[in-house]
């Protein structure tokens, strides 16, 4: 299990969003069959859904879909 907190920043005006960021894993996975759980920290207003994509053995991409200017997201990487 690996955990961390990342601050995502959006500089676009609604309905556009450029909060997508790549997270590098500290411990390389054996494959991409891991799950990433997320939790929005602090004020969750206007963050919307948190999306995980582009999973690789050494990292993944994370973004939020809302119109917030920034959001602190805690993530947990787990193996099933």
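Every number in this text was worked out from the coordinates using simple rules, so none of it is lab data. Fair warning: this is a prediction, and the values are worked out from it, not measured in the lab. Cβ sites come from the backbone with ideal geometry, for glycine too, and all protein chains shown count toward neighbours.
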If one builds a Gaussian network model of the chain from Cα atoms under 10 Å apart, the most fluctuating residue listed among 55, 26, 69 is 26
Under a GNM of the chain (C-alpha, springs under 10 Å), which listed residue has the highest mean-square fluctuation: 33, 20, 65?
33
19, 53, 70 arranged by Cβ crowding within 10 Å, fewest neighbours leading
53, 70, 19
Of the convex hull enclosing the alpha-carbon atoms of the chain, the direction-averaged projected area in nm² is 4.9 nm²
Percentage relative contact order, the chain, counting C-alpha pairs under 8 Å, at least six apart:
47 percent
